[in-house]
1. Tell me the residue from Ser268, Ser282, Ser321 that is over 19 Å from Asp537 (Cβ atoms), in contact with an Asp or Glu (Cβ under 7 Å, 6 or more places away or on another chain) and buried (at least 20 other Cβ atoms within 10 Å of the Cβ), please.
2. Out of the stretch 491-521, which residues are assigned to a loop (DSSP other than H, G, I, E, B) and either acidic (Asp, Glu) or buried (at least 23 other Cβ atoms within 10 Å of the Cβ) (or both)?
3. Within the stretch 43-67, can you find the residues that are in a loop (DSSP other than H, G, I, E, B) and either buried (at least 17 other Cβ atoms within 10 Å of the Cβ) or not assigned by TED's automatic domain parsing to the domain that holds Val107 (or both)?
4. Restricting attention to the stretch 127-135, does a residue exist that is outside any strand (DSSP E or B) and at pLDDT below 85?
5. State whether one or more residues within the stretch 439-457 are under 28 Å from Pro529 (Cα atoms), of a type in the set (Val, Ile, Thr) and free of Cβ contacts under 8 Å to residues at least 40 places away in the same chain.
6. Out of Asp481, Asp524, I need the residue that is charged (D, E, K, R), touching a residue at least 24 places away in the same chain (Cβ under 8 Å), under 21 Å from Ser423 (Cα atoms) and surrounded by fewer than 16 Cβ atoms within 10 Å (Cβ to Cβ). Which one?
7. Would you confirm whether any residue within the stretch 362-369 is over 23 Å from Arg436 (Cα atoms), surrounded by 14 or more Cβ atoms within 10 Å (Cβ to Cβ) and polar (S, T, N, Q)?
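The values are calculated or read from the model by the stated rules, or taken from the named source; none is laboratory data. This structure is a prediction, so every number in the text was calculated from the model and none was measured. As a convention, Cβ positions derive from the backbone with ideal geometry for all residues, glycine included, and neighbour counts pool all protein chains shown.
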Amino acid sequence: MNGVFISYRRDDCAAHAGRLYDRLVDRLGESAVFMDIDAIEPGADFGVRIEEAIGSCTLVVVLIGDHWLQIADARGRRRLEDPTDLVRHEVAAALRRSDVRVIPVLVEGAAMPAADQLPDDLKALARRNALDLSDARWRYDVERLIEVVERVVPPATPSADLAGAGRDRRSPSTSPHAGESADADASSDAHRATIVAPPKAAPAAGHVSKRALATALAVAAIAVTVVVALKQTPDDGRPAARPDNNANAPGATTAARTTTQPPQQPASVPDHPIPIAARPNSITIAGGKVWVLSTQSGEIVVLDARTSKQIDRIPIGKGGSSLAGGFKSVWRVEGNTGALTRRSASTRRAVPGSNATISVPGQPVTIATGEGAVWVGVRKRGRRDGSGESLVRVDPSTPEQSAIAVPGGVQDVAAGAGAVWVSTMLGDSVLRIDARARSKTKEIGVGKQPKGIAVGYGAVWVAASGSDWLTRISPRGFVTDRIALGVSPTRVAVGGGSVWVTAQEANRLLRVDPEKRSVSEQIDTGGRPFALDVGKDSVWLTLLNEGVQRISYTR
């Protein structure tokens, strides 16, 4: 067993299957990737040949697009309900084998089928961990899949009985589905099962073929690998211990998830900037969507967090200061008027009866949610403004508001660990405000010009732009620890097992390991990053004068 089998439907995601095939061949070699039929002898049993092909592979990738589950034959019956359907036969054959890993790959945001939507012999597919595959994140998604493949599939070696398999690369426009009869349509996927091709004639004497040369190079590479492995073997002759990461990988059943260690963390992958609005200055993720506020253009742009596609533009007028997600909603505070508005994170509609106006005078500049409330930071509008700097607590279920004085002015706010944390605009410190008593309990020095602040992983994290470090505060003993960055930080967020810091002047996003308390990765954003938020598999940044950028990561 030594290969990868790609199962797909032509009418569902043929183009993605072709692209994936090319990428896997580039990495693993042509003899290790199987997708389509080269030759089927008349009278051959498709079922038997599929079983043989599946049996020759270590891993089966099942590509599932939007129509995979519902594609019907000419009589209106779902193809998956047909016991002779070739795709069903492929997947069922793979699921029956305990020595074959099956990975569902969801194409362009397709949903994972539930067990009750599948025939009995495919129900086990619903228990397999899936991966996503999209055009917007193609390089990252494919690399993530290849990482799993390379852990599961042994290095490929040329084999006479497998040579030539997987070369039928017909495009959808030349698919035999077009214009076929009802009988042909019902079995159209029979034209794309993986079958062994007949052996080719040997090259003439004195001629070295490309395949022979590739074989020689492969043998040499294996020899080098053996030598390296021998050098890494302990003196007692036993092989070095190696953790088993496969049980928690895509394709593993859910019952095995808690018994393994995570794979080695690969580099994060930035996508190209998405130009959406002029000078976006605030961003939040809520309800599976990315909400981006542009004060200059006077609108909120909403993107699908999975596909990166724009799904809405909400005009709000000039003066919107800040966004925050929380309580199944997205909250916006308007700097000029002090208006506080609330929209449903799922429907994007305004929540009836929720609009309010911040009761204290001044200019609202930032907003956060947590510890059972919405928190709005308010500054003086100018030197002649007699109002005090304050933090306003808003009850999300009632119009009740209360103000807490903040000497030094509010720069940024974060809630968590039983308190609200405020970085000061004029000082070099962070204030801890008891969320219940609604009073200041501690002032902690953190460095010059503290700006961004976030709470997570048992600590408070502060980015002070006047210093080249990130400050970690213990929320109990208030002990501080400085993490050298080498650049001036701007904003900070937590998520995905990491602390993320934007460095606007250096055009970078820094990833900090919260346990080792050191920078684990520096990512060139190609623009000036400012605000950020972290989703389940991506960090989203606003790039001043450019738009937003998505940076995919793995834990």
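1. Result: Ser321 is the single residue among Ser268, Ser282, Ser321 that is over 19 Å from Asp537 (Cβ atoms), in contact with an Asp or Glu (Cβ under 7 Å, 6 or more places away or on another chain) and buried (at least 20 other Cβ atoms within 10 Å of the Cβ).
2. The answer is Glu505, Glu515.
3. Ser56, Cys57, Thr58, Gly65
4. The answer is yes, given that some residue of the stretch 127-135 is outside any strand (DSSP E or B) and at pLDDT below 85.
5. Yes, the stretch 439-457 has at least one match.
6. So the residue among Asp481, Asp524 that is charged (D, E, K, R), touching a residue at least 24 places away in the same chain (Cβ under 8 Å), under 21 Å from Ser423 (Cα atoms) and surrounded by fewer than 16 Cβ atoms within 10 Å (Cβ to Cβ) is Asp481.
7. yes
Here is a yes/no grid of residues against (1) under 18 Å from Leu323 (Cα atoms); (2) at pLDDT below 90; (3) among the acidic types (Asp, Glu):
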| position | (1), (2), (3) |
| --- | --- |
| Phe478 | no, no, no |
| Asp481 | no, no, yes |
| Val499 | no, no, no |
| Asp524 | no, no, yes |
| Leu543 | yes, no, no |
| Arg555 | no, yes, no |
